[in-house]
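What follows is a set of notes on a single structure, which appears directly below.
The values are calculated or read from the model by the stated rules, or taken from the named source; none is laboratory data. This structure is a prediction, so every number in the text was calculated from the model and none was measured. Heads up, the Cβs are rebuilt from the backbone with ideal geometry, glycines too, and the neighbour counts pull from every protein chain shown. Ligands, DNA and RNA are excluded from the accessible area calculation, which covers all protein heavy atoms including side chains. Shrake-Rupley method; radii C 1.70, N 1.55, O 1.52, S 1.80 Å.
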Amino acid sequence: MTELLSLANYDVFVGNCTESLSLFLSNYSHRKVVILTDENTQTFCFDRIRHILPTNILEISIPAGEVHKDLITCQFIWEKLLKFGVNRNDLMINLGGGVVGDMGGFCASTYKRGIDFIQIPTTLLSMVDASIGGKLGIDFNGVKNSIGVFKDPKAVFVDPFFLNTLPKRELRSGFAEIIKHALISDKFLWQQIININIHTEINWTPIIVDSLKVKQKIVTDDPFEKSIRKALNFGHTIGHGIEGVMLLKENSLLHGEAVAIGMVIESWLSFHKGFLSEEEFISILLFLKRTFDLQPINEELIDDFILLMKNDKKNESDEIHFAVVGPIGKVHIDFVRDVPFVKKALEIYNHNLLQ
Ligand SMILES: NC(=O)c1ccc[n+]([C@@H]2O[C@H](COP(=O)([O-])OP(=O)(O)OC[C@H]3O[C@@H](n4cnc5c(N)ncnc54)[C@H](O)[C@@H]3O)[C@@H](O)[C@H]2O)c1
Ligand SMILES: [Zn+2]
């Protein structure tokens, strides 16, 4: 059984992908088909769909990891496409996590002014977040996602089967985005996930569907991030900062792990303002602590963090803009706090909230 979600220009299939993908590919029977993987998805994911692909396909595999989401890898991909004689009517399949999806989609959208592409996300993060919404791109000069385009795929096939081989830490990192979606917009989803123990076996399909519905609604209402799409930044204003300063340390955090800390601190800001009741705040705090084994932020890093926040060009003067939750299922965009207050919130996280 597959569930179907429709966005403005494309469908998202959730469930066993082989049948729906095979049907979709019949539209391309006389076209060239390219499949992009990284070294892990080539090993762990390709076999699930290999038998339904045409025999004459171009396989491109790239090294895994964010450090390869760059122009050098794009050049490698574009060269392969040219060499294989890929044309405007042909199709590219991006089989992988957010790195493969963002970069593969970007390469497809710019090659010969754009060829069709589909997303087959293989990480939890890319299933509920990166594969929908049309944002594509790469990192450039050390700035994340600084080169890119908005372009929709022809379809997205979300098959939870792929999660079986995903490292548990990556799985948990993606779960942070599901928690975010629940908190900003779906109290019912929150009530379901709050009982989840990430270390046990989980039936992901219904959770992924509900989580995708949250993002679907938001990106449909505001495709180019003029207003309500900012709600998706919940946990990310502080989360990105922490991710940034932690990158300099050896034991750096995964994206979702940093966002989990961000969600705790931003929920505290919301509780302090009175948007979240004490009871709701405590339930968020306890759930995130239990799921992510939250650790304090190294004191030296707090100053680096504040410097980074001040340098962020999105934040004029001393003010930092947030999207915060409260009550659960509702979000306030353009919530503003000054830098000293944010520093205080980080200290409270370290000294009070983690006790
Ligand atoms: N476009 C968007 O709207 C959007 C939203 C959120 C994040 N992103 C981007 O997504 C990227 C992060 O995505 P990610 O977390 O999926 O990272 P990723 O693509 O690097 O995947 C994480 C790791 O898991 C491996 N992997 C993937 N699927 C696997 C599987 N099924 N089994 C075993 N290993 C597997 C990958 O090879 C990689 O080593 C970032 O570049 C971020 O900017 C984009
Ligand atoms: Zn995120």
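Would a scan of region 170-180 turn up a residue that is modelled with pLDDT of 95 or more and more than 12 Å from ligand 1 (Cβ to nearest atom)? Walk me through it before giving the result.
Quick first cut of region 170-180, residues modelled with pLDDT of 95 or more only: 170-180.
Okay, now just the ones that are also more than 12 Å from ligand 1 (Cβ to nearest atom), so 178-179.
Within region 170-180 (the criterion being modelled with pLDDT of 95 or more and more than 12 Å from ligand 1 (Cβ to nearest atom)), the answer is yes, since at least one residue qualifies.
Being in contact (Cβ under 8 Å) with a residue 40 or more places away in the chain, within 13 Å of ligand 1 (Cβ to nearest atom), open to solvent by 10 Å² or more (accessible area, probe 1.4 Å) and among the aromatic types (Phe, Trp, Tyr): is that true of Trp268 here? Break it down stepwise before answering.
On the way: in contact (Cβ under 8 Å) with a residue 40 or more places away in the chain: yes; within 13 Å of ligand 1 (Cβ to nearest atom): no; open to solvent by 10 Å² or more (accessible area, probe 1.4 Å): yes; among the aromatic types (Phe, Trp, Tyr): yes.
Considered against the rule, which asks whether it is in contact (Cβ under 8 Å) with a residue 40 or more places away in the chain, within 13 Å of ligand 1 (Cβ to nearest atom), open to solvent by 10 Å² or more (accessible area, probe 1.4 Å) and among the aromatic types (Phe, Trp, Tyr), Trp268 comes out as no.
Checking the condition farther than 25 Å from Lys217 by Cβ and either touching a residue at least 40 places away in the same chain (Cβ under 8 Å) or within 16 Å of ligand 1 (Cβ to nearest atom) (or both), which residue from Gly244, Gly239, Gly235, Gly256 passes? Quick ask: steps written out before the conclusion?
Numbers: Gly239 fails: farther than 25 Å from Lys217 by Cβ; Gly235 fails: farther than 25 Å from Lys217 by Cβ; Gly256 fails: farther than 25 Å from Lys217 by Cβ.
None of the others qualify; the one that does is Gly244.
Just one of (1) more than 21 Å from Ala182 (Cβ to Cβ); (2) out of contact with any Asp or Glu (no Cβ under 6 Å at 6 or more places or on another chain) trips up Val245, so point out which.
(2)
On the given criteria, is Phe281 in a loop (DSSP other than H, G, I, E, B), on the phi < 0 side of the Ramachandran plot and crowded, with 19+ Cβ neighbours inside 10 Å? Spell out the reasoning first.
Numbers: in a loop (DSSP other than H, G, I, E, B): no; on the phi < 0 side of the Ramachandran plot: yes; crowded, with 19+ Cβ neighbours inside 10 Å: yes.
Against the criterion (in a loop (DSSP other than H, G, I, E, B), on the phi < 0 side of the Ramachandran plot and crowded, with 19+ Cβ neighbours inside 10 Å), Phe281 does not qualify.
Keeping to region 1-47, report how many residues are outside any helix (DSSP H, G or I), in contact (Cβ under 8 Å) with a residue 40 or more places away in the chain and open to solvent by less than 70 Å² (accessible area, probe 1.4 Å). Break it down stepwise before answering.
Taking region 1-47 as the starting set, the residues that turn out to be outside any helix (DSSP H, G or I) are 1-17, 29-38, 45.
In the following step, the residues that additionally are in contact (Cβ under 8 Å) with a residue 40 or more places away in the chain were identified as 3, 5, 7-17, 31-38, 45.
Checking which are open to solvent by less than 70 Å² (accessible area, probe 1.4 Å) leaves us with 5, 7, 10-15, 17, 32-38, 45.
Number satisfying all stated conditions: 17.
Out of Leu269, Leu253, Leu248, which single residue is part of a loop (DSSP other than H, G, I, E, B), more than 16 Å from ligand 2 (Cβ to nearest atom) and over 20 Å from Val214 (Cα atoms)? Spell out how you get there, then give the answer.
Working: Leu269 fails: part of a loop (DSSP other than H, G, I, E, B); Leu253 fails: more than 16 Å from ligand 2 (Cβ to nearest atom).
None of the others qualify; the one that does is Leu248.
Does Leu124 fit the bill of being away from ligand 2 (no atom under 14 Å from the Cβ) and under 12 Å from the mean Cα position of the chain (by Cα)?
Numbers: away from ligand 2 (no atom under 14 Å from the Cβ): no; under 12 Å from the mean Cα position of the chain (by Cα): yes.
For Leu124, the condition - away from ligand 2 (no atom under 14 Å from the Cβ) and under 12 Å from the mean Cα position of the chain (by Cα) - is not met.
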